[in-house]
Amino acid sequence: MATVTLKNLRKSFGSDDVIHGIDMEISDGEFIVIVGPSGCGKSTLLRMVAGLETVTEGEVLINGERANEKEPMDRDIAMVFQNYALYPHMSVAQNMGYGLKIAGMPKQEIAAKVEAAAHLLQLDGLLDRRPKQLSGGQRQRVAMGRAIVREPSVFLFDEPLSNLDAKLRVQMRLEIKELQSKLGVTALYVTHDQVEAMTMADRMIVMNAGVAEQIGTPMEVYETPQSLFAAQFIGSPAMNVLDAQIADGRVMLGDVAVCDSDQRAGPVKLGLRPEHVAPDPQGPLAMEVLLSEPLGANTLLHGRLAGTEIAFTASLQGVHLANHDGEAMRFGVDPVDCHLFDPETGHRL
Amino acid sequence: MEKRVTFRGVMLPLLLIAPQVFISAVFFFYPAGQAIWQSLFIPDPFGLSNQFVGTGNFEFLFGDRHYRSSFYSTAIFSILVTLASMIPALFLAVLADRLIKGSGAYRTLLIWPYAVAPAVAGVLWMFMFNTRVGVVSWYLGQLGYDWNHVLNGSEAMGLVVAASAWGRISYNFLFFFAALQAVPRSVIEAAAIDGARFWRRFFTIVLPLLSPTTFFLLVVNVVYSFFETFGVIHTITAGGPQQATTILVYKVYADGFVGQDLGSSAAQSVILLLIVGLLTVLQFKFIEKRVHY
Ligand SMILES: Nc1ncnc2c1ncn2[C@@H]1O[C@H](COP(=O)(O)OP(=O)(O)O)[C@@H](O)[C@H]1O
Ligand SMILES: [Mg+2]
């Protein structure tokens with residue numbers, strides 16, 4: 001059980017600044033998801049917590065204790081790697097028991113712990129196999145097992161599901177989350193998949209180019225994104241972002257008012273989630289539908305705002321058998337669903 | 001999964017292996033056949049006629065005290081050469097692998113000795129350890145150690161082992177270095193998180209993962225020490241003192257070309273052939289089982 005604190009954490013590789021100062025307090029037992037596009041520094045951040053990368057500036061505290069200078073093995077953490085990093089020459093049981101053996105635990109005790117973990121992860125009967133004799137999903141479980149037998153204070157996951165097929169990914173996502181809350185161990189979980197972030201996180205940290213764009217619960221990030229980046233990265237399909245003007249306390253798209261705003265007059269970025277617009281013959285948004293995608297539970301309409309080249313996507317609940325292609329439709333929007341951002345800084349207004 | 005190419009006819013595959021078969025036939029099977037044939041005869045002192053003696057040459061050899069001691073020298077020599085060329089190579093490769101910057105230059109320097117011909121290497125070492133003008137023997141003398149490999153059999157053995165192993169370190173280093181680079185970083189990192197410190201990781205993770213390379217190098221180096229060290233021994237000790245460094249392959253030369261006893265020499269090379277064949281089979285049979293590919 002542990003807390004993790006990041007204080008103005010920075011990382012540079014030579015002159016290449018990769019992490020630009022991240023602050024975060026993680027409480028005991030929390031499931032934190034670090035989410036962002038590829039190359040934004042998620043792994044680097046996680047590896048600094050693990051002790052696999054040195055910290056350029058700032059501090060990592062584990063349980064309130066400075067960990068910057070500690071070796072990985074002295075941090076009481078366990079990590080699951082993207083490629084699982086199993087020991088290819090060892091059996092499943094040896095893989096899981098390796099850390100315990102090094103800690104000097106008696107053989108019988110190791111065997112008991114490994115068996116219990118194997119049972120928990122439905123790996124019974126596979127203990128004598130080598131990693132290469134396992135399926136991707138089973139390898140993933142072995143990597144999990146290796147992490148849990150040591151009963152660490154913090155779990156670190158670096159995109160553990162990205163090598164699995166879609167169905168298994170959904171299943172393992174649930175299992176990992178369930179396991180973590182059952183064991184009550186603090187977890188940091190890296191992913192580039194916003195669905196994983198939304199479904200698994202107690203809180204998430206949305207990263208972009210080494211900067212934490214927003215730290216908050218999934219619903220906070222979804223409902224009140226603090227930056228354009230967070231707004232567009234979280235939520236699927238991505239939020240529509242339109243150039244608008246604030247004039248006389250109203251947000252104008254061309255010469256139609258979409259919603260009200262008490263911000264100062266001038267240009268603004270207006271964010272509208274596709275699922276937050278609804279067909280309305282009197283609505284302010286006129287859209288020319290170019291393509292509709294019926295997904296079953298909802299239907300996506302892709303097109304542009306009438307008379308412009310501005311792309312716009314709307315999501316309608318339910319199956320719409322009528323083909324809307326080439327049609328002009330009007331949409332209305334609830335004023336609470338208008339997100340306004342400063343066009344220069346991208347910050348929420 | 002093993003990938004296999006399947007051919008329909010027999011002509012194409014035969015054609016494809018023909019060059020290899022031809023080379024093996026000319027340079028291996030024909031001389032080997034000749035050696036086996038000759039080992040059954042004793043030529044007269046003038047080399048004009050051959051007398052058939054059956055297994056006589058072999059019987060004589062196994063009764064010969066010198067030949068038996070040559071077996072012993074060969075065993076010592078090849079064990080020492082193999083160890084002395086593989087262990088330092090592995091050690092250097094581990095160092096180079098840890099070094100990120102400048103490992104290129106370091107690698108190039110380490111490869112140079114391999115480019116030195118065995119006989120030249122022999123001369124080099126002979127000069128360094130020359131009992132009268134050698135740099136190293138002079139320093140040893142300053143330290144109060146009287147180096148004389150011309151008289152001392154163990155010192156002679158040490159010197160030919162060092163000279164033979166030296167160039168091989170480069171060769172082995174290259175293989176070990178490449179193998180180390182192929183060990184996935186994340187596996188090492190997982191072990192570090194699991195609590196294993198450097199040497200523990202080395203012995204429980206890295207070394208087992210290097211085993212295919214180690215096994216390959218073991219076979220190659222044993223064969224090297226048997227056959228390719230002739231030049232070194234010839235230039236440094238010429239098999240002496242008192243045959244202390246006369247390994248089997250040197251004895252084939254000494255008896256055949258110097259002693260002109262071609263029958264015995266041929267018999268010796270047949271025995272050598274059998275020994276190396278046997279060693280290789282044993283290595284594959286017993287060690288390969290412990291190798292994790
Ligand atoms: N060892 C390294 N040396 C130099 N640059 C690195 C190193 N590791 C990562 N980087 C750089 O840091 C940035 C972030 O990488 P990473 O943390 O792996 O991103 P992510 O996990 O979010 O995809 C990338 O631009 C990458 O090129
Ligand atoms: Mg990554």
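Computed from the coordinates by the stated procedures, all read-outs in this text should not be read as laboratory data. Owing to the predicted nature of the structure, the values given are computational and were not obtained by experimental measurement. Here the Cβ is made from the backbone with ideal geometry for all residues, glycine too, and neighbour counts use every protein chain on show.
Using a Gaussian network model of chain B in which every pair of alpha carbons under 10 angstrom is joined by a spring, one finds that among B:GLY56, B:GLY263, B:GLY122 the greatest mean-square fluctuation is at B:GLY56.
How much mean residue ellipticity at 222 nm does chain B get from its helices, if each DSSP H run of length 4 or more adds -39500 (n - 2.57) and you divide by all residues, to the nearest 500 deg cm²/dmol? Please list the in-between numbers first.
Working: 14 runs with 191 residues, N = 293.
Mean residue ellipticity, 222 nm, calculated: -21000 deg cm²/dmol.
Once the Cα gyration tensor of the range A:216-296 is diagonalised, what are the square roots of 5 times its eigenvalues, in whole Å and ordered largest first, as equivalent ellipsoid semi-axes?
Working: eigenvalues 99, 79, 21 Å².
Ellipsoid semi-axes (Å, largest first): 22, 20, 10.
Looking at the range A:98-199, none of the GluC sites (Glu not before Pro) sits in a DSSP loop with at most 16 other Cβ atoms within 10 Å of its own Cβ. Under the convention that each Lys and Arg Cβ holds +1 and each Asp and Glu Cβ holds -1, the size of the dipole of the range B:64-290 around its Cα centre is about 640 debye.
Computed from the C-beta positions of B:GLN181 and B:PHE284 and an R0 of 30 Å, the FRET efficiency is 0.70 to the nearest 0.05. Among B:HIS149, B:HIS66, B:HIS234, the largest mean-square fluctuation in a Gaussian network model of chain B (Cα springs under 10 Å) belongs to B:HIS66. Among A:ALA147, A:ALA112, A:ALA78, determine the one that fluctuates most according to a GNM of chain A built with springs between C-alpha atoms less than 10 Å apart. Of A:ALA147, A:ALA112, A:ALA78, the most mobile in the Gaussian network model is A:ALA112. Taken over the range A:180-249, the convex hull of the Cα atoms encloses 110 Å³ per residue.
Helix A:166-183 and the longest principal axis of the Cα set of chain A meet at an angle near 60°.
Across the protein assembly as shown, Cα-Cα distances exceeding 36 Å account for 61% of all pairs. Computed over the range A:216-259, the range of Cα coordinates on each principal axis works out to 35, 19, 13 Å, biggest value leading.
Under 1.5 on a/c is rounded, so check that first for the range B:139-288, then, if it is not, pick prolate when a/b is larger than b/c and oblate when it is not; a ≥ b ≥ c are the square roots of the alpha carbon gyration tensor eigenvalues.
Working: a/c = 3.52, a/b = 1.64, b/c = 2.14.
Oblate, because a/c is 1.5 or more while a/b does not exceed b/c.
Screening chain B for DSSP H helices whose Cα atoms reach 27 Å or more along their own axis and whose mean Kyte hydropathy is at least -1.0 gives B:65-98, B:153-182, B:207-227, B:262-282. In degrees, nearest 10, range 0 to 90: what is the angle between the Cα axis of helix A:107-120 and the longest Cα principal axis of chain A? It works out to around 30 degrees.
By the Cβ rule of 4.7 Å, the protein assembly as shown holds the following cysteines without a possible disulfide partner: A:CYS40. Each part gets one Cα centre, and for the range A:88-108 versus the range B:164-226 those centres are 22 Å apart.
Size of the range B:1-136 from its Cα atoms: along the principal axes, largest to smallest, the extents are 66, 65, 26 Å.
With a ≥ b ≥ c taken as the square roots of the eigenvalues of the C-alpha gyration tensor of chain B, please select rounded if a/c is under 1.5 and otherwise prolate if a/b is larger than b/c or oblate if it is not? If you can, show how the numbers build up before the last one.
Values: a/c = 2.28, a/b = 1.23, b/c = 1.85.
Judged from the Cα gyration tensor, chain B comes out oblate (a/c at least 1.5, b/c at or above a/b).
In loop segments of the range B:65-144 as defined by DSSP, the trypsin sites (Lys or Arg not before Pro) with at most 14 further C-beta atoms inside 10 Å of their C-beta are B:LYS101, B:ARG132.
Evaluated at 10 °C with a viscosity of 1.306 mPa s, what Stokes-Einstein diffusion coefficient in µm²/s does chain A have when Rh comes from the Kirkwood expression over alpha-carbon pairs? Show your work: numbers first, answer last.
Values: Rh = 22.6 Å.
Value of D from the Cα-based Kirkwood radius: 70 µm²/s.
Rounded to the nearest 20 debye, the dipole size of chain A about its Cα centre is 1540 debye, using +1 on the Cβ of Lys and Arg and -1 on the Cβ of Asp and Glu.
Dimensions of the range B:59-123 along the principal axes, based on C-alpha atoms and rounded to the nearest Å, stand at 60, 24, 15, largest first.
Could you tell me what fraction of 2.2 N^0.38 Å the Cα radius of gyration of the range A:139-205 comes to, as a two-decimal ratio? Spell out each step's value before the answer.
Details: Rg = 11.3 Å, N = 67, 2.2 N^0.38 = 10.9 Å.
The reported ratio for this selection is 1.04.
If one takes the longest principal axis of the Cα atoms in chain A, at what angle in degrees, from 0 to 90 and to the nearest 10, does the Cα axis of helix A:92-102 lie? So the inclination is approximately 70 degrees. When a/c reaches 1.5 or more, the comparison of a/b and b/c decides; with that in mind, is the range A:284-349 rounded, prolate or oblate per its Cα gyration tensor? Note, shape of the range A:284-349 comes out prolate.
Considering the range A:177-321 at the alpha-carbon level, its Rg and Dmax are found to be 18.0, 57 Å.
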